[in-house]
Amino acid sequence: MPEEEKMQLVNMPALALRGLTVYPKMMVHFDVGREASIKALEESMSSNKPIFLVAQKDIRVEAPDMNQLFSVGTVSVVRQILRLPGKSIRVMVEGQYRARLYDLVQTEPFLVAEVEQVEIPGIEGKTNSLKAEAAVRQSYELFDRYTELTPKSTSPDMLMNIMSSEDPGYIADFIAQNISMRVLDKQSILDELRPIQRLNKMNRLLHREVEILEMEQNIQRRVQENMTQNQKDAFLREQVRVIQEELGDDSDSEIATYRKKIAEAKLPEEVEEKLLKEVTHLEKQPFGSAEASVLRNYLDVCLELPWTKTSKERINVQTARKILDADHFGLEEVKERILEFLAVKQLAPDLRGQIICLVGPPGVGKTSIGMSMARAMNRKLARISLGGVHDEAEIRGHRKTYVGAMPGRIMSALRQAGTKNPLLLLDEIDKLGSDMRGDPASALLEVLDSEQNSTFRDHFVELPFDLSDVLFITTANTTSTIPKPLLDRMEVIELASYTDEEKVQIARNHLIPKQLKRHGLKKSQLKLTDDAIREVIVSYTRESGVRILERELGSLCRKAAMAIVSDGVKSVSVTGDNLEQYLGPRKYYPEKNGMENQVGLVNGLAWTSVGGTLLEAEVNVLDGSGKIEITGNLGNVMKESAKAAFSYIRSRAVQLGVEPNFYKEKDIHIHFPEGAVPKDGPSAGITMCTAMVSALTGIPVRGDVAMTGEITLRGRVLPIGGLREKSMAALRNGIHTVIIPKDNEADLEKIDQTVRNALHFIPVSHVDQVLANALERPPLAEPSPEGELGAGMSGSEIRTPLHQA
């Protein structure tokens, strides 16, 4: 085409359409809410300019750019603008001609597009070719069928408008403008510049829409026929039911069975009234209705609940003592507390509301003690595992109207027990979670409150159930994660870790016979010496309880069974010397007898979830500018203890024999080995202080001494927790002397007698006493008075995770 005949590019306001396409020669009205679009319309009206209407590809985009708009749109004239309540307007536009978008020359405050009118090949208006005539007639027929199928969205006037025109392009545009199609399909019609091809494409799309509408109509007709048949069936069944009532023949009916069960159950008056009402409701339901199934499930659940059924309780302290001693070795304090509880029940049988929480490390027998209590009291036992529960409906149940609704775990446990006075064991109550579906710990507040649980309402049952006769026993590894209001409702009984000697007796009297029976071995076929058992405990396990110990003993039983079956031996004898032949190399090497005295290396003691452990503290002093570096994956509390110890040493540098300007000229690096293991707590305060003084003065620390205690800025030593476990760790690691806070002296009574006899405990109240007993020679030039303030109980300890790297 010659240059002078090319169309000129024109700039004009542009409006991006969402879900709408405007065609030439069409009058369209729509609502506009975007501020940029409103300003574009106002500019078009005020300047008497046309506006370019183009559809955007993604209707979710609020401010589309060039890439998010289709390339072909319609240049239109704004005919009318009507302000609506709020910030939106209603506009009427008339399409003029197709145009192609070349660029967006402006995006703020409204879009301005650079467009070019596109040339339409062929002859506009009436077309006399046979192909055009055939396409026009096909469009008449298809649009006529479309109007029959959609009488609400189309009118006869539309069909008259089409039939009055013979222009293929206009007919295609008119149909596309007035029927429901996808945006991409509508845009494809706008993109097609050739009239006949445009009409053929429109006919194909219209034919597809007609087929879809006919299919929908057929589906709707079949549904209506099925509904009519169901109504007829329901009417006939109702007639049959009335005839049966007139004949009085309902003795074997489902309704009569439910009524008989309710009468025989001797339910509370409120419960009986509610269930009879539900039976009457069920009786009125048509056969096969969904609600009838819900009612049947509800009645079945309610009739299975032990509303009045109880088991005869046996409260005998002597019998309970025998059962507890037979099932568990040691744990004397726990057994004594449980027997006291039973003694009170024996004197006051009507006493209610005592809820016990057994707290202790994994594997010490919390769950099995609850089971032993149920056996001793002749109560039915139901166990509920709460670990990982994070939905309130798990406790209270779901409304029965929900699909798949069921009662909560409390009511399900009562159904399982079959009595209203069972022992409910709520396991792992410290591991409850919560999320958007509610907080199960809050739901347990009512369950574990003796003043409220006599009228506990499950969401599914919807009737008050008396839980005051239920004995609740809960278990937890720690009380720190239990919400305070929930913890306040329970009486906590703590189970401490087993000593090595207790583990030997448990293995000898309980675990070995159990594993021999499980593996089909006789007592004479596997002989384990006490030395072998102790070696398994020390070198192959590191735990508070006996679970891993039981697994290792099971492994020995399997090795023995294999030797008896394969090698033909009659018995296997395992001693401390040949233990590695059966269990492989030792996993732990705890014994550290003969440790050398070293500068800047101190033995600390830590308490973990698997018992006590030795925690070494290392300090190096380097030339520098006074920086202090603390490493070993330590928590904030432990870092603060290090800083407190550092400040104490600075304040008494002269008396401790340390260079007064060391904090300006020396860098101090404190490190705790096993850096992959997180550590925290204040009880390593005197450990770090002793290590720093040793490194700064060059005086070695005694290798057979371990210590634990919190330090203050004045040098006072404050009490700590976990002394029983820490002292056992010291004995296992060859320590002879343990330095403890003076305020923990009373806790020595709780330590096993074997451990107390093997260790020398030194109670201290000030760091000066620690240094005097831990270093090879005292660094003090003169004694320092203790702080004026007394030490307060903290109950804190170093915590490390269950598995150490």
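The values are calculated or read from the model by the stated rules, or taken from the named source; none is laboratory data. Given the structure is predicted, the values throughout are model-derived calculations rather than measurements. When we count neighbours, we look across all protein chains shown, and the Cβ atoms used for this are built from the backbone with ideal geometry, even at glycine. Surface areas here come from the heavy atoms of the whole protein model, side chains and all, with no ligands, DNA or RNA. Shrake-Rupley method; radii C 1.70, N 1.55, O 1.52, S 1.80 Å.
Brief remarks on what is shown
- Within the range 609-624, being within 23 Å of LEU713 (Cβ to Cβ) and open to solvent by 30 Å² or more (accessible area, probe 1.4 Å) holds for one residue alone: VAL621.
- Contact annotation: residue pairs with Cβ atoms under 9 Å, 6 or more positions apart or on different chains, pairing a residue in the range 696-717 that is closer than 27 Å to GLY624 by Cα with a partner that is among the charged types (D, E, K, R) and open to solvent by less than 40 Å² (accessible area, probe 1.4 Å), are GLY715/ARG652; GLY715/ASP768.
- Single residue of the range 142-184 satisfying the filter (closer than 24 Å to ALA132 by Cβ, of a type in the set (S, T, N, Q) and out of contact with any helix residue (DSSP H, G or I) (no Cβ under 7 Å at 6 or more places or on another chain)) that is surrounded by the fewest Cβ atoms within 10 Å (Cβ to Cβ): SER164
- Filter result for GLU94 (surrounded by 14 or more Cβ atoms within 10 Å (Cβ to Cβ) and in contact (Cβ under 8 Å) with a residue 60 or more places away in the chain): yes
- Matching residues, the range 326-362, being without any contact (Cβ under 8 Å) to a residue 40 or more places away in the chain and open to solvent by less than 80 Å² (accessible area, probe 1.4 Å): ALA326, LYS335, LEU339, PHE341, LEU342, ALA343, VAL344, LYS345, ALA348, LEU351
- Scope the range 94-106; condition among the hydrophobic types (A, V, I, L, M, F, W, C) and over 55 Å from the mean Cα position of the chain (by Cα); matching residues: ALA99
- Counting only helices (runs of 4 or more DSSP H) that sit completely within the range 714-789, those holding 1 or more residues that are at pLDDT below 85 and not aliphatic (A, V, I, L, M) correspond to 723-732, 753-758.
- Pick from the range 672-705, criterion assigned to a loop (DSSP other than H, G, I, E, B) and among the charged types (D, E, K, R), ranking: surrounded by the most Cβ atoms within 10 Å (Cβ to Cβ): ARG702
Condition check ((1) closer than 13 Å to LEU556 by Cβ; (2) at pLDDT below 85; (3) surrounded by fewer than 15 Cβ atoms within 10 Å (Cβ to Cβ)) across all residues:
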residue	(1), (2), (3)
GLU494	no, yes, yes
TYR498	no, yes, no
LYS503	no, yes, no
ASN509	no, yes, yes
ILE512	yes, no, no
LYS517	no, no, yes
LEU521	yes, no, no
LYS527	yes, no, yes
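- The condition (being at pLDDT below 80 and over 20 Å from the mean Cα position of the chain (by Cα)) is satisfied by just one residue among THR401, THR455: THR401.
- Residue-level check: of (1) within 14 Å of VAL112 (Cα to Cα); (2) out of contact with any strand residue (DSSP E or B) (no Cβ under 7 Å at 6 or more places or on another chain), ARG34 misses just (1).
- Among (1) of a type in the set (Ser, Thr, Tyr); (2) under 30 Å from THR690 (Cα atoms); (3) assigned to a helix (DSSP H, G or I) - the single one TYR589 does not satisfy: (3)
- The range 151-205, residues that are over 18 Å from THR74 (Cβ atoms) and aromatic (Phe, Trp, Tyr): none
- Counted residues, the range 458-478 - those being more than 14 Å from LEU426 (Cβ to Cβ) and under 29 Å from the mean Cα position of the chain (by Cα): 6
- Cross-chain or 6+ apart pairs with Cβ under 9 Å, the range 504-523 first and more than 15 Å from ALA563 (Cα to Cα), then open to solvent by 90 Å² or more (accessible area, probe 1.4 Å): ILE512/LYS523; PRO513/LYS523
- Within the range 203-227, residues that are assigned to a helix (DSSP H, G or I) reach partners that are of a type outside the set (Asp, Glu) and exposed (fewer than 13 other Cβ atoms within 10 Å of the Cβ) with beta carbons closer than 8 Å, at six or more positions or on different chains, in the pairs GLU209/SER180.
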